[in-house]
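Following: one structure in structure tokens, then a few remarks.
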Amino acid sequence: MKQRRPLFFVSSCAVLLGLTFLALPAQADGKRPDGDIAKLSDPAEAEAAVDRLVKSWGKAAVPHLLGEALEGQSMSARGWAIVALSEIGGPDVVKRLDEMRQDPKLPKLVQTWAAAGRIRLATSTSELQRLSSIAAQHPAVARPIALRLIEASGDDPDALGTILELASRHPVLHPALKKAITARGSKGLIKVLVTHSNQSTRRIAASYLGLLASRGDKTVASGVIAAYGFDRKAASVPWKGGPLFLPGIAWSKDDARALVAELVRWVVWSEVHNRADLLRQLHNNLRSIGLANVAGYRPNWSNQSAKGWLTSWKAVVGQAGIDAILKEQGLESDGRFR
């Protein structure tokens, strides 16, 4: 038998007294699931009762389960009733769970269970996005939302960007998402870092990449270098449409020099294409003391021009290295860079 557990821990002492049951309809044959409903309050019988209610009774059990969830005297039975409702599903169940999770007259625990059941019935990533705000009202459902988001997104790096964006808007989701995000490795995070339209999402991707690198993942450095690799035929920079972020990792000397070599090439390209905005982004990253110390150049604090950064980089690659950069872009005779 498939094992289920209550959506959240239920104290055996939490019993609501003095409530009455709704009048529940019987099936056409006169049978009612009262026996199985009654067993929802028995820890030894509850899971089997849920199975029968879902598989044997199905939608016919919905009114009886709603009555138990709304007015049952046993809190554990109310929780199991919501579990059964979330497995039966259907538009009416979705509607009633939405009403229950927002009903201030219901115990907070029942509202939270209803919220978790509603999340379970979400059928798409977009629907889960709409429901993500529930976590602000019911922090206990942050983990179910996070797990469903990860499940629905599969290996799609674009969906990963959506998940990170939600995490930036709803910090309560962060702890539940952390393990699942890092388990995916660096590839999807690097794509988010370079291409996502939201600045905060790029920043979060950079922080996760830093976490992966601190755990010894060597693909972070090599992947970032490749992602920012220079292409002289490019119509735009790789990080088009957003800020240029470098993950805060402990760069090795070789990796730091490989990265800076690509960024210096983009500095020259940006000046040739009159992109002062890109020059500022590159300048802000290249003047990092940590990166400069490892790569072996002196940060150029005030001069954002290509000539200023070529002069700084010349200390590492020599005149031949600078000549190669200019020749690569057909600028060896350009008087601006003599």
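Backbone N atoms of region 235-251 closer than 16 Å to the 7 Å Cα→Cβ label point of K218 belong to residues 250-251. Relative to the longest principal axis of the Cα atoms of the chain, the long axis of helix 75-88 lies at roughly 70 degrees. Roughly speaking, what is the centre-to-centre gap between region 241-303 and region 306-338 when only Cα atoms are used, to the nearest Å? One Cα centre to the other: 15 Å.
Once the Cα atoms are used to define both axes, helix 276-286 deviates from the longest principal axis of the chain by about 90 degrees.
Starting from the Kirkwood radius over alpha-carbon pairs of region 251-338, derive D by Stokes-Einstein at 10 °C in a medium of 1.306 mPa s and give it in µm² s⁻¹.
On the way: Rh = 12.8 Å.
Once the numbers are plugged in, D ends up at 124 µm²/s.
The aspartates and glutamates whose alpha-carbon is closer than 13 Å to the alpha-carbon of K240, local same-chain residues fewer than 8 away aside, are D277.
Mean projected area of the Cα convex hull of the chain, taken over all directions, amounts to 22.0 nm². Can you work out the base-10 log of I(q)/I(0) for region 72-128 at q = 0.19, 0.22, 0.23 1/Å, using the Debye formula on its C-alpha atoms alone? Per q value, in the given order, log10 I(q)/I(0) is -0.61, -0.80, -0.86.
On a 0 to 90° scale, report how tilted helix 157-169 is relative to the longest principal axis of the chain, with both axes built from alpha carbons and the result rounded to the nearest 10. Helix 157-169 sits at roughly 80 degrees to that axis. If you build a Gaussian network model of the chain, linking Cα atoms that sit under 10 Å apart, which residue out of I119, I204, I289 swings the most? Evaluated over the chain, the most mobile residue of the options is I289.
If you take the beta carbon distance between N284 and K108 as r and set R0 to 51 Å, what does 1/(1 + (r/R0)^6) give as a FRET efficiency, to the nearest 0.05? Write down the numbers at each step before the final one.
On the way: r = 47 Å, r/R0 = 0.92.
Computed FRET efficiency for N284 and K108: 0.60.
Let me know the shape class of region 200-274, please: from the alpha-carbon gyration tensor, a ≥ b ≥ c as square roots of the eigenvalues, rounded when a/c is under 1.5, otherwise prolate if a/b is greater than b/c, or oblate.
Working: a/c = 2.62, a/b = 1.55, b/c = 1.69.
It comes out oblate by the Cα gyration axes.
Two decimals, Cα atoms only, Kirkwood Rh: what is Rg/Rh over region 148-282? Walk me through the numbers before you get to the answer.
On the way: Rg = 15.3 Å, Rh = 15.5 Å.
That ratio is 0.99, to two decimals.
Working ranking of peptides 300-310, 141-151 by packing, defined as the average number of other Cβ atoms within 10 Å per residue, highest first, is 141-151, 300-310.
Quick check: from the Cα gyration tensor, does region 50-156 come out rounded (a/c under 1.5), prolate or oblate? Don't skip to the answer; put the middle values down first.
Details: a/c = 2.10, a/b = 1.36, b/c = 1.55.
Because a/c hits 1.5 or more and a/b fails to exceed b/c, region 50-156 counts as oblate.
Over 23 Å between Cα atoms, which of K59/K108; K233/K327; K187/K314; K55/K95; K307/K327; K218/K253 qualify? Distance filter (> 23 Å) returns K59/K108; K187/K314. Fully extending the segment from S236 to Q329 would add 32.0 nm, taking 0.36 nm per residue of separation and subtracting the current Cα-Cα distance.
Every number in this text was worked out from the coordinates using simple rules, so none of it is lab data. Not measured: the values here are computed from a predicted model. We place every Cβ from the backbone using ideal geometry, glycine too, and count neighbours over all the protein chains shown.
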